[in-house]
Amino acid sequence: MDWKQIANEPWIWISGAILSAIALYQCTYFMIRALNIMKRCGLQRRDIISIIRGSVITSFGPVMSEIFIMIALVMALSAGFAWQREGAAVGSVFTELVQASNAAVGAGQEFGGKNFDMKGFANVVFVMNVSCIGWLIAAGFFTRYLGAARNKIAGGDIRWLSILTVCATLGVFGYWASSSLVRGGGITVAVIAGGILSMFFFLLADWIKKPGLKEWALGLAMFGGMIIGKLYAG
Amino acid sequence: MEAAKKFAAIDPQVYENEFSKPIHKVGMITCGLAIIGMFLPPVWLYLQYGVFPPISAIMVGMGLALTYAVPFFIIEPISYYPTLGDAGTYMSFLAGNISNMRLPCAAVAQSVAGVEEGTKEGELIATVGIAISIWLSIIAVFIGAVATGFFVQFFPAWLQDAFKKFLLPAVFGAVFGQFALRGMKYAPIALVLALVPLFLKWKAYVVIPIAVFGTIIIGRFIYQATKKSA
């Protein structure tokens with residue numbers, strides 16, 4: 001059986017639904033607890049409605065851009081896999097794609113390449129799911145200690161923490177961007193165009209003072225780079 | 001702001017017994033269940049289709065994935081904690097999309113209610129804001145996945161070809177560009193550390209750790225040098 005077909009069978013949809021159900025149970029339980037205390041402290045129904053309305057409005061833009069970007073995951077893997085990983089998981093679509101590429105390397109294959117087969121797919125399923133457990137361990141077992149840990153680990157230097165994450169991301173995406181850069185033709189053009197468009201949209205959002213544009217910047221750059229690469233290659 | 005005036009001070013004992021304790025308990029259990037749930041797809045794939053990757057492939061794949069992810073396991077929960085609070089941290093790291101959805105929703109909810117982050121009131125309000133955003137995003141992602149999965153088959157052949165060949169390079173370029181803006185000093189280092197071994201035809205599982213850890217180490221030197229001269 002072809003891996004693309006297996007990747008969209010009920011098993012993956014159900015796996016995604018189970019994770020989503022856990023997330024929905026958790027957030028509903030927490031919300032009910034919070035609302036009960038807030039009501040007892042005098043928060044009115046209309047105030048609660050204002051909070052809910054604000055959250056819905058704030059979520060709308062990111063949710064729409066998430067669905068727009070999710071097309072990439074649907075095309076690269078499958079709709080079922082996109083649901084399993086994005087319904088309630090940890091990584092963004094971009095993280096997922098780079099982890100899928102890492103997993104394929106582990107199987108000695110190129111993600112989405114001609115040699116990508118069932119062995120590569122099985123490794124992608126394993127690595128993408130299991131490699132994100134660290135976030136759940138950190139949240140599940142260490143949340144109560146995070147306040148103290150923040151001060152200790154940073155050694156009082158919180159700014160270095162954010163620079164460290166930037167360096168780690170630049171390192172991994174620097175590798176994957178470079179590996180595309182050296183391939184030549186439309187692929188080189190796509191990676192350069194994606195980079196330039198991304199920087200352009202992020203800067204544009206600041207220049208025209210439209211922070212909402214940043215939610216769409218990566219998606220627009222991704223599709224723009226892809227189309228430019230294709231047009232160049234013919 | 002009107003809401004803040006009506007929000008009476010919360011009794012610390014009530015907060016501890018009726019919010020903190022139960023959310024730590026349920027948070028730990030649900031995150032534990034999600035950890036087990038992460039093993040479900042590979043196990044199910046094996047049980048139903050008899051497919052499981054070779055151990056060597058898992059080791060190399062996990063090694064590369066963790067090279068990238070491990071710094072985030074530690075740094076992200078610590079960085080986001082002040083805004084998210086306890087309940088928000090459990091929810092956000094289970095549901096994902098933290099920086100683009102959970103954090104803004106927590107901040108907006110706190111702003112609407114006129115409460116400050118880091119306070120008990122702020123945490124309760126952020127909890128409601130984040131929970132609503134999780135419901136919305138899970139429903140929307142499900143509809144989006146089903147609809148996208150249906151519509152992609154109607155994409156013209158040239159577009160399907162573009163997705164197949166040029167999407168990933170464009171993604172890598174776009175994310176690199178985004179983070180280059182946040183660390184212009186560090187971006188060329190990452191590129192050089194990746195490009196040189198690539199030209200030498202070194203394997204990916206060697207080059208990725210060099211690029212990640214090399215950029216972090218050199219970044220640390222640059223950061224300290226800049227700090228001293230400032």
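The values are calculated or read from the model by the stated rules, or taken from the named source; none is laboratory data. Not measured: the values here are computed from a predicted model. In this analysis, Cβ positions are derived from the backbone assuming ideal geometry, glycine residues included, and neighbour counts consider all displayed protein chains.
Filtering segment A:77-97 down to residues that are within 7 Å of chain B (Cβ to nearest Cβ) and among the hydrophobic types (A, V, I, L, M, F, W, C), which residue is surrounded by the fewest Cβ atoms within 10 Å (Cβ to Cβ)?
Of everything passing the filter in segment A:77-97, A:F94 is surrounded by the fewest Cβ atoms within 10 Å (Cβ to Cβ).
Which condition does A:A104 not pass, out of (1) more than 27 Å from A:W176 (Cα to Cα); (2) in a helix (DSSP H, G or I); (3) not β-branched (V, I, T), if it passes all the others?
Every listed condition holds for A:A104 apart from (1).
Answer yes or no: is there a residue in segment A:14-31 that is surrounded by 24 or more Cβ atoms within 10 Å (Cβ to Cβ) and either more than 7 Å from chain B (Cβ to nearest Cβ) or basic (K, R) (or both).
So far as segment A:14-31 goes, yes, one or more of its residues are surrounded by 24 or more Cβ atoms within 10 Å (Cβ to Cβ) and either more than 7 Å from chain B (Cβ to nearest Cβ) or basic (K, R) (or both).
Got a sec? Which of B:V152, B:V192, B:V175 is among the β-branched types (V, I, T), closer than 24 Å to A:R183 by Cβ and at the interface with chain A (Cβ under 7 Å from one of its Cβ atoms)?
From the options B:V152, B:V192, B:V175, the qualifying one is B:V175.
Would you say B:L94 is assigned to a helix (DSSP H, G or I), hydrophobic (A, V, I, L, M, F, W, C), within 7 Å of chain A (Cβ to nearest Cβ) and in contact with a helix residue (DSSP H, G or I) (Cβ under 8 Å, 6 or more places away or on another chain)?
yes
Would it be correct to say that B:Q160 is more than 7 Å from chain A (Cβ to nearest Cβ), at pLDDT below 90 and part of a helix (DSSP H, G or I)?
Yes, satisfied.
Restrict the check to segment B:5-18 and report whether at least one residue is surrounded by 13 or more Cβ atoms within 10 Å (Cβ to Cβ) and either small (G, A, S) or modelled with pLDDT of 95 or more (or both).
no
Test of understanding: among B:Y68, B:Y80, which residue is closer than 28 Å to B:P209 by Cβ, in contact (Cβ under 8 Å) with a residue 12 or more places away in the chain, more than 7 Å from chain A (Cβ to nearest Cβ) and under 21 Å from the mean Cα position of the chain (by Cα)?
B:Y80
Among the residues in segment B:102-116, are any of a type in the set (K, R) and closer than 16 Å to B:I10 by Cα?
No, segment B:102-116 contains no residue that is of a type in the set (K, R) and closer than 16 Å to B:I10 by Cα.
Check segment A:182-189 and report whether any residue there is without any contact (Cβ under 8 Å) to a residue 60 or more places away in the chain, facing another protein chain (nearest Cβ under 7 Å), over 30 Å from B:I218 (Cα atoms) and not β-branched (V, I, T).
Yes, segment A:182-189 has at least one match.
Could you list, in sequence order, the residues of segment B:75-105 that are of a type in the set (A, V, I, L, M, F, W, C) and under 12 Å from B:I134 (Cβ atoms)?
Result: B:A87, B:M91, B:F93, B:L94, B:A95, B:I98, B:M101, B:C105.
Among the residues that make up segment A:165-184, is at least one of them under 29 Å from B:I74 (Cα atoms), at pLDDT below 80 and in contact with a helix residue (DSSP H, G or I) (Cβ under 6 Å, 6 or more places away or on another chain)? Spell out how you get there, then give the answer.
Quick first cut of segment A:165-184, residues under 29 Å from B:I74 (Cα atoms) only: A:165-179.
Those still in the list that are at pLDDT below 80 too: A:165.
Right, trim to in contact with a helix residue (DSSP H, G or I) (Cβ under 6 Å, 6 or more places away or on another chain) and you get A:165.
Within segment A:165-184 (the criterion being under 29 Å from B:I74 (Cα atoms), at pLDDT below 80 and in contact with a helix residue (DSSP H, G or I) (Cβ under 6 Å, 6 or more places away or on another chain)), the answer is yes, since at least one residue qualifies.
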